[in-house]
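> Quick one: this structure, given as structure tokens, is what I'll be asking you about.
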Amino acid sequence: MKLDRMLSIITILLQKDKVTAPELAEKLEVSRRTILRDIDAICQAGIPVITMQGGGGGIRIADGFKLDRSVLTSEELQSIITGLRSLNSVSDSSNIERLISRLSPGGEAVVSMQESVLIDLSSYYKGSLSEKISLIRSAISEKRLISFTYYSDKGKTSRVIEPCFLTFRWSSWYVFGFCRSSDDFRLFKLNRIWDVEKLEDTFQQREIPPERRDLDGHLQDRNRLTLLLDRELEYLVVDEYGPHSYETLEDGRLKAVISYTNRDYIIGWIMSMGEKAIVLEPVDIAQEIREKAKKMLDRYEHDK
């Protein structure tokens, strides 16, 4: 954990001209004393960090510094480069590319086909995703409110939040923050966020209750569903829920008992399987799928 924190400090210092110890402590959620100990360790590792006292003071890396790769093992260096390249896939910032250049052998910031792990965190709409991440990151740094339109199973709503951090979880990007509308901490999926604006109003960082720090708790699968599927759809169930989520019946079909959060999503997922899947329970979801199928058939027969 200390190595991760020290890498975060180095990354911040390479991106900013100067930063204070209290700012680092707040961003990394540790004490100021811990930050100062980390700075000492970074200096001992051969990275020239300068601290300046008094008004206008702060912490910075010496001008003209180029990271000596000998302070890291090849495995550590490769892990760092892989992580930076994954961030670079969703960022238009030249700072990350510059840092990769400083770390890469020969100063070449390119992907080597000899690498064993290649990570791309972007999606088919990388351009807008990069813009969102960049805007939200700056709002977090400046402690400014952001507003956006949010699309969910409750419809389209307008939100204003105090952004705390960005996270990549469950194969998607999210922003976690205090929602002024809900008067509570919420997790918002970036794919569903549009018309993002950074407002002039600032906010004071709130203390996040321990129970709200558990991000998995924000998307708990509280609802259960029993599904009967043709064997050829086994890969879809494994992809979503794993190989232990179903049993194979005597006739070769699969019986899966799964959990879900979003009713509309699970109905759409099941309907995408066509006639090769049927809901056994709950009855109300089976009935809703039946009604939707009838409406689809009616539209195909009459809207020509």
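The values are calculated or read from the model by the stated rules, or taken from the named source; none is laboratory data. Just so it is clear, the model here is predicted, and its values are computed rather than measured. Neighbour counts run over all protein chains shown; Cβ positions are idealised from the backbone, glycine included.
> Taking the condition of being part of a helix (DSSP H, G or I), buried (at least 16 other Cβ atoms within 10 Å of the Cβ) and aliphatic (A, V, I, L, M), how many residues in the range 226-253 meet it?
Result for the range 226-253: 3.
> Among the residues of the range 292-302, is any outside the structural domain of Glu26 (by TED's automatic domain parsing) and surrounded by 13 or more Cβ atoms within 10 Å (Cβ to Cβ)?
Checked against the condition, which is being outside the structural domain of Glu26 (by TED's automatic domain parsing) and surrounded by 13 or more Cβ atoms within 10 Å (Cβ to Cβ), the range 292-302 yields at least one hit.
> Quick one: which of Ile266, Ile289 is surrounded by 11 or more Cβ atoms within 10 Å (Cβ to Cβ), touching a helix residue (DSSP H, G or I) at 6+ places or on another chain (Cβ under 7 Å) and among the hydrophobic types (A, V, I, L, M, F, W, C)?
Ile289
> From the list Glu288, Glu275, pick out the single residue that is over 20 Å from Asp230 (Cα atoms), not in a strand (DSSP E or B) and not aliphatic (A, V, I, L, M).
After ruling out the rest, the residue left standing is Glu288.
> Just give me the residues in the range 151-197 being of a type in the set (Lys, Arg) and surrounded by 17 or more Cβ atoms within 10 Å (Cβ to Cβ), in sequence order.
Arg159, Arg186
> How about the range 17-37: which of its residues are touching a Ser or Thr at 6+ places or on another chain (Cβ under 9 Å) and at pLDDT below 85?
If the condition is that a residue be touching a Ser or Thr at 6+ places or on another chain (Cβ under 9 Å) and at pLDDT below 85, then Lys27, Leu28 are the ones that fit.
> Follow-up question, since we're still on this one. What are the residue pairs meeting all of these: first residue in the range 247-267, first residue over 12 Å from Arg224 (Cβ atoms), second residue among the acidic types (Asp, Glu) and modelled with pLDDT of 90 or more, Cβ atoms under 8 Å, and 6 or more apart or on different chains?
What qualifies is Arg253/Asp230; Leu254/Asp230; Leu254/Glu234; Leu254/Glu247; Lys255/Glu247; Ile267/Glu288.
> Could you say which residue among Val19, Val49 is in contact with a Cys (Cβ under 9 Å, 6 or more places away or on another chain), crowded, with 16+ Cβ neighbours inside 10 Å and among the aliphatic types (A, V, I, L, M)?
Just a single option satisfies the conditions, and that option is Val49.
> In the range 155-167, is there at least one residue being of a type in the set (Asp, Glu), at pLDDT 90 or above, in the same structural domain as Lys143 (by TED's automatic domain parsing) and in a loop (DSSP other than H, G, I, E, B)?
no
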